[in-house]
Amino acid sequence: MIFVTGPLFAGKRETIRGLLGLTEEEFAACAAWDVQERALEAEPEILAEELSANRVVIATEVGGGVVPIDPVERRRREAAGRLACALARRADTVIRVCCGLPELLKGEWP
């Protein structure tokens, strides 16, 4: 599994789709994105196991910046971070995309 992370609107989907040479339809069939939105659904390891069935899993980084005052938003942010860590551990390849530029963090280029 390839885990891709990076800031919001950083070009994660377009960049990884280009690296893999996939059409939009092919990409949609083998990828899951915006998985940080599902972080509160289950324990991070359980959700990571489920998501790792996809060839590509993409999560937006939500841990930077000011920590929210709202306890629910803080829990959501923490859960998203824990999910990202669980996905990175399971992934063969981890790529961070910022400004459309991919940076290999783990594994080999696809």
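Can you work out which of the residues in the range 57-110 that are of a type in the set (Asp, Glu) and in a helix (DSSP H, G or I) is surrounded by the fewest Cβ atoms within 10 Å (Cβ to Cβ)?
Restricting to residues being of a type in the set (Asp, Glu) and in a helix (DSSP H, G or I), the top hit is Glu73.
Just to be sure, is Leu47 modelled with pLDDT of 95 or more and buried (at least 17 other Cβ atoms within 10 Å of the Cβ)?
yes
Working only within the range 11-38, note down all residues that are over 15 Å from the mean Cα position of the chain (by Cα), aliphatic (A, V, I, L, M) and under 18 Å from Gly100 (Cβ atoms).
Passing the criteria: Leu19, Leu20, Leu22.
All but one of (1) over 20 Å from Glu14 (Cα atoms); (2) under 13 Å from the mean Cα position of the chain (by Cα); (3) of a type in the set (D, E, K, R) hold for Glu43; which doesn't?
For Glu43, the failing item is (2).
Return a yes/no flag: does the range 64-74 have any residue that is of a type outside the set (A, V, I, L, M), in contact with a helix residue (DSSP H, G or I) (Cβ under 7 Å, 6 or more places away or on another chain) and either at pLDDT 95 or above or on the phi > 0 side of the Ramachandran plot (or both).
The answer is no; no qualifying residue exists.
Can you find even one residue in the range 64-81 that is within 12 Å of the chain's Cα centre (by Cα) and under 22 Å from Glu108 (Cβ atoms)?
No, that holds for no residue.
Cβ-Cβ below 7 Å, separation at least six or inter-chain, first residue in the range 70-85 and within 17 Å of Phe3 (Cα to Cα), second of a type in the set (Val, Ile, Thr) and in a helix (DSSP H, G or I): which pairs?
Matching pairs, first to second residue: Leu83/Val35.
Looking at the range 24-39, can you tell me whether even one residue there is out of contact with any strand residue (DSSP E or B) (no Cβ under 8 Å at 6 or more places or on another chain), crowded, with 18+ Cβ neighbours inside 10 Å and outside any strand (DSSP E or B)?
yes
The values are calculated or read from the model by the stated rules, or taken from the named source; none is laboratory data. As the structure is a prediction and not an experimental result, all values here were calculated from the model. Virtual Cβ from ideal backbone geometry, glycine too; neighbours counted across all protein chains shown.
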